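Here's the structure, in structure tokens; my notes come after.
Just so it is clear, none of the values below were taken in a lab; they were calculated from the coordinates. Note that the structure is predicted; figures quoted are calculated from it, not measured. Neighbour counts are summed over all protein chains in view; Cβ atoms, including those assigned to glycine, are modelled from backbone coordinates with ideal geometry.
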Amino acid sequence: MKNDWSNTQKILTQAAKGISVIKDMQKLLNLIVYIVKKHIKSKSACIFQYEEEFGAFILKSSRGQNRILVGYRIGHDNRLVDWLKKKKVPFLYKDLNILPALKQELKKLDCAVCVPSFWDGELLGFLILGEKCSGDSYTKEELSLLSTLSNEVAVAMENAKNFMALEKLKEREKESYFQTVLALARTVDEKDAYTRGHLDGVARYGVEVAQELSKSKDIKISMEELNIALLLHDIGKIGVPDALLNKNGSLTSEEWVVMKQHPEIGERIIEPINKLRNVGKIVRHHQEKYDGTGYPDGLKGLGIPLESRIIAVVDAYHAMISDRPYRKALPEKVALKELKDNSGTHFDPIVVDAFIRAWKKGKIKKV
């Protein structure tokens, strides 16, 4: 029996150290309830957490007989809460001299033991355990261990709460940053009077080609990342002077050096959004060529991200069927022939074939 108690102490002590690194609040609460119920061997266990928006302690996780009560609320002015705030220690239901109404409420929660968790003097929540499976009473040692565990729980809850608040803030900032980047991409689109609407055209074509390719079980495409990359692929041109974008003639070698920087600039603009790191790589490589003669890194064949290879084809096609300062738009069939002629050199043959299939089905139309 002594050995069992020693093992329980070790397990709960180790668990206390582990829970402090869990950043998801609900997973944390579920784990606390699971560990305590299993190793204290109680018939039930549940945990309440204070939620400011409701001004109450909400039952967030439960195991055993009171599982159906998840979502149950106890107001911050409840007598139980008042008692916990004043005493700041665990209590045994059988030892507590309380009003009959409160005793009835604790019976409903199957409460044999209640263990509060405090942080900086504030009651964050409390753990309620039912009777032990063995029918034995809870010992002073068990109450002491649960009290120690409650301190670790408080630290873990505060860590998780702060982490989740920080993540929400980051998400809002990311969304705001993404909207700013997308607005910049639209600005780039508007800068070039001859290809205004290029982004939307390329995005439509890219999605159709990706859907055609996705019919093959061997080809996996991240449609979300492709969609975003299609809209942001030319964002780096924000750093290219209007005079180059709208030049009535071929670019000089010096001007090409400036123009060729736009994929790398695009990646740097997108990079601060962690979730769009892969999109940044797709944008960086959308000017690579299948034979390795493209830029900025001279990647070759399958070494180029598939999404980048898709953008390379639809981007080139849309540019060919659009008016340019130095030439009129090419007929669609001439542009298709250009894609075929450069399949295997500039463009991935598989992507070109998918593009042609989509075009023949009428899915790629000039607007």
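Starting with the highest mean, order 116-124, 275-283 by the number of other Cβ atoms within 10 Å, averaged over the residues of each peptide. Can you show the working numbers first?
Working: 116-124: 16.4, 275-283: 21.6.
Per-residue Cβ counts within 10 Å, averaged per peptide and sorted highest first, yield 275-283, 116-124.
When the C-alpha to C-alpha distance is required to be over 19 Å, the pairs from Lys220/Lys361; Lys27/Lys60; Lys87/Lys107; Lys215/Lys361 that qualify are Lys220/Lys361; Lys87/Lys107. Working from label points 7 Å from Cα in the Cα-to-Cβ sense, the Glu271 to Lys161 distance is 3.7 nm. Since only Leu306, Leu276, Gly292 are under comparison, the one whose Cα sits farthest along the positive direction of the charge dipole of region 263-311, derived from C-beta charges on Lys, Arg, Asp and Glu, is Leu276.
Sorted ascending by nearby beta carbons within 10 Å, beginning with the fewest, Arg309, Arg186 become Arg186, Arg309. A cut-off of 5 Å between modelled amide H atoms, ignoring neighbours fewer than 5 places along the same chain, links Ala56 with Glu51. In summary, the aspartates and glutamates within cross-link reach of Lys41, defined as a Cα separation below 14 angstrom excluding same-chain residues under 8 places away, comprise Asp4, Glu131, Asp136, Glu142. Whole-Hz Karplus values for region 231-243 come out as 6, 10, 4, 9, 4, x, 6, 4, x, 9, x, 4, 4 Hz, taken residue by residue from phi with 6.51 cos²θ - 1.76 cosθ + 1.60 and θ = phi - 60°; glycine and proline positions read x. Amide H contacts under 5 Å for Trp119: Leu124, restricted to partners 5 or more places along the chain or on a different chain, H placed in the peptide plane at 1.01 Å from N.
Over all Cα atoms in region 57-144, the spread is summed up by Rg and Dmax: 12.7, 36 Å.
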